[in-house]
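Heads up, the thing below is written out as structure tokens.
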Amino acid sequence: MQQFYKQYFKTALYWLIFFAIHRLLFVVFNLNYAAESSLLNLLASFVVGIRLDASFAGYLMLLTVVIQLFPLLLGRRYCFTCTKWFVYIFSVLFTGVLLADTNLYSYWARHIDGAALEFVKTPGIIMNSVRWYEPIIYVFVWLVLSFGFIKLYRKFIAKHVNDERIRPIHLLFHVPLLLFVGATMILPIRGTLGVAPINTGVAYFSSNLFANNAAINPLWNMAYSMKRLDATQKVYRFMDDEKAEEIVNDLMGESGDYERLLKSDRPNVVVILLESFAGQVIESMGGEAVTPNLHKLEEEGILFSQIYSASNRSDKGLVATIAGYPVLPSYSIIQYPDKSQSLSFLPQKLKQNGYKDLMFEYGGDIEFKNMNSLVKLAGFDRIISIDDFPVDFQGEKWGVHDEYTFQRLAKEIKSAQKPFFHFYFTLSSHEPYDVPMERMHEDDYLNSIMYTDKCLGAFFETVKEDGLWDNTLFIMIADHGHRGPLNLTADMQSYNNIPMLWTGGALAKQDTVINKIGSQVDMVSTLLSQLNINSDEFRFSKNILDKESKPFAFFDYPDAMGLVEPEKYQLFDNKAGRFIHMQGEQTQLDSLKAKAFLQVLSIDHKNR
């Protein structure tokens, strides 16, 4: 027994070494992509990459346990031969795949994923894309490396190891022990003890894309993408592409003539993404009177009262506000760094136009929902998350209480190099609504909203006292709607209605309400236009203030999409293949707008 478990854990170590060697080959072979990456970054990729390596190795070791159960139950023996041949076979197979990934990366600058596997159906295209001698070299290196790995395993792990028989009575001990060892593999597989399981985003530790790609385990990445292959490849098609493009281009048309709201072109900008701050908690939008501090700020700013969230989840709200990009009903592009890296980002655009200090702050786990990869790709210089706060500042589950992250935000603003751009995502109004405050409302959700609003009020008092209000634009916008005490559902128009409030000393206009319908994604183009920065690359984001822009908002959720226009509302369920809601007088063209928007969007997603 002792001999088996000694071999078992040595085998787990072997797989980590196996992946590390292939990572070294990947880096060396693709050094031409590493020109802007420091040696320290490349070395760090080996450390960061251990998490995905360990996760994939955990699956292999769990499979090893499953295979071992059969000879143990049927033949009362530990089958070392089974383990050896399992390692030999998969070492050869994995080496072939990893070498192919290493070579193809030199052409594609991306790892093999589920979408890339479509090329297997047309091998001729692959052969036409490589030099004639590359397949020969590939097979030679594959054979040599495979032989080397097998020799390595035989010499240091499987040497002098033979099958071991046990007595029947001892099965009562050995079988549960083997199952327990297999169960422990859940830890490396899941990669964390926290709420969010491991995802590709954990490999994104640097602003250098190649260093991040070096940290990714290609096998893990391939399995992860294949799991969602259907979603990423799906194109919603309701009409001819030309017709869909025509409808969307008309919806997104602008004149370039709009009202200026700012005193200068380069104010400091702070975006505060408010967790679950639905319209139903904003009194001036017909909601509960539970945000008095936000209401007070309305008198010093501009409230956009007819903004609609892009979807119903925080990860999708992040993409909408950082990239000005909608998401599909079936998945969020944030799940696929290979796709999201092709997006245009608000921070990057600001950096190109003179903004110096770009900071992202979130009191929770930055790896949740692949947030880490999106933030890194977006171009933020600094990231502040749960690890940058004392444990005493944290709640029971999600992360640091808002009062402490608001205090940190005020300090960061005070020391920031101007003009700066800071993006802050609140947390306390997320379930389970754990807030360090004496209860002010019987409803847990509304009580948490009141807590964050209280923190918001204290923050702006500090901002004004420290002279940080002048020449700063603060944009507060919710990440998505919420069911709330009204028990709203995602198909309801009011569920998706969220507030967007602009305030701060940089504004030339105050105490104003703009009732024009717009989307959460429109924040990006609206802001850039006010800064006199071109926003053409944000195709699905429009300037709400443009005099010719159409007042509409598109949103979706699994698996449906809706469109809001003045006096009109429609929601189409893709599974049912029909409209669930069709309110107001709608023409035949109106009924095609949401479908056309989703069709063009899904084509854009697929092509990234």
Next on the checklist: Calculate the FRET efficiency for L172 and K6 from the Cβ-Cβ distance with a Förster distance of 25 Å, rounded to the nearest 0.05.
Outcome noted: 0.65
Checklist entry - How far is it, in nm, from the label point at N249 to the one at F180 when both lie 7 Å from their Cα along the line to the Cβ? => result 6.9
Item to check | Debye log10 I(q)/I(0) at q = 0.10, 0.19 Å⁻¹ for segment 495-608, Cα point scatterers | outcome: -0.36, -1.12
Checklist entry - How high is the relative contact order of segment 259-588, given as a whole-number percent (alpha carbon pairs under 8 Å, six or more residues apart)? => result 30
Checklist outcome for this item: Computed, not fitted: 222 nm per-residue ellipticity of the chain from DSSP H runs ≥ 4 (each -39500 (n - 2.57)), nearest 500, equal to -14500 deg cm²/dmol
Checklist entry - Name the residues of segment 562-580 whose amide N is less than 18 Å from a point 7 angstrom out from the Cα of S591 along the C-beta direction? => result 562-565, 568-580
Checklist entry - Distance from the Cα centre of segment 508-571 to that of segment 196-223, in angstrom? => result 33
Item to check | Overall Cα dimensions of segment 1-88, principal axis frame, Å, largest first | outcome: 57, 18, 18
Checklist outcome for this item: Treating every alpha carbon of segment 341-380 as one equal point scatterer without solvent, the Debye formula yields log10 I(q)/I(0) values at q = 0.17, 0.29, 0.30, 0.34 Å⁻¹ of -0.47, -1.01, -1.04, -1.16
Item to check | Ratio Rg/Rh, restricted to the chain and using Cα atoms, in which Rh is the Kirkwood radius | outcome: 1.02
Item to check | Model label zone, N607; criterion: amide N under 18 Å from point 7 Å along Cα-to-beta-carbon; scope segment 324-354 | outcome: 325-328, 333, 339-345
Checklist entry - Among I533, I112, which comes first, then next, by fewest other beta-carbon atoms within 10 Å? => result I533, I112
Next on the checklist: By the 4.7 Å beta carbon criterion, which cysteine residues of the chain come out unpaired?
Outcome noted: C455
Item to check | Zone residues, segment 485-500, relative to K397, backbone N less than 17 Å from point 7 Å out along Cα-to-Cβ | outcome: 485
Checklist entry - Using a Förster distance of 25 Å, how high is the FRET efficiency between R439 and A289, based on the Cβ-Cβ distance and rounded to 0.05? => result 0.90
Checklist outcome for this item: Hydrodynamic radius by Kirkwood for segment 238-290, inverse mean 1/r across distinct Cα pairs, in Å, is 16.0
Item to check | Gain in span if fully extended, I17 to D491, counting 0.36 nm per residue against the direct Cα distance | outcome: 165.6 nm
Checklist entry - If you average the sequence gap of Cα pairs under 8 Å that are 6 or more apart and divide by the length of the chain, what percent do you get for the contact order? => result 19
Checklist entry - Which residues' amide hydrogens lie under 5 Å from the amide hydrogen of S519, considering only partners 5 or more residues apart or on another chain, with H built in the peptide plane? => result Y308
Checklist entry - Can you pull the semi-axes for segment 2-227, root of five times each eigenvalue of the Cα gyration tensor, sorted largest first, whole Å? => result 34, 21, 16
Checklist outcome for this item: With 0.36 nm assigned to each residue of separation and the Cα-Cα distance removed, Q233 to D559 gains 115.9 nm
Checklist entry - What residues qualify as long-range amide H neighbours of I514, i.e. H under 5 Å apart, gap of 5 or more or another chain, H built at 1.01 Å from N? => result L303, F304, S305
Item to check | Length added when fully stretched, I137-D387, from 0.36 nm per residue minus Cα-Cα | outcome: 85.4 nm
Checklist entry - Dipole magnitude of the chain about its Cα centre, charges +1 at Lys/Arg Cβ and -1 at Asp/Glu Cβ only, in debye to the nearest 20? => result 3620
Checklist entry - Can you work out D for segment 259-588 in µm² s⁻¹ from Stokes-Einstein, where Rh is the Kirkwood radius over C-alpha pairs, the temperature is 37 °C and the viscosity is 0.692 mPa s? => result 166
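Values in this text are rule-based calculations from the coordinates and carry no lab data. Note that this is a predicted model, so its numbers are computed, not measured. Glycine gets a Cβ as well: all are built from the backbone with ideal geometry, and neighbour counts include every protein chain shown.
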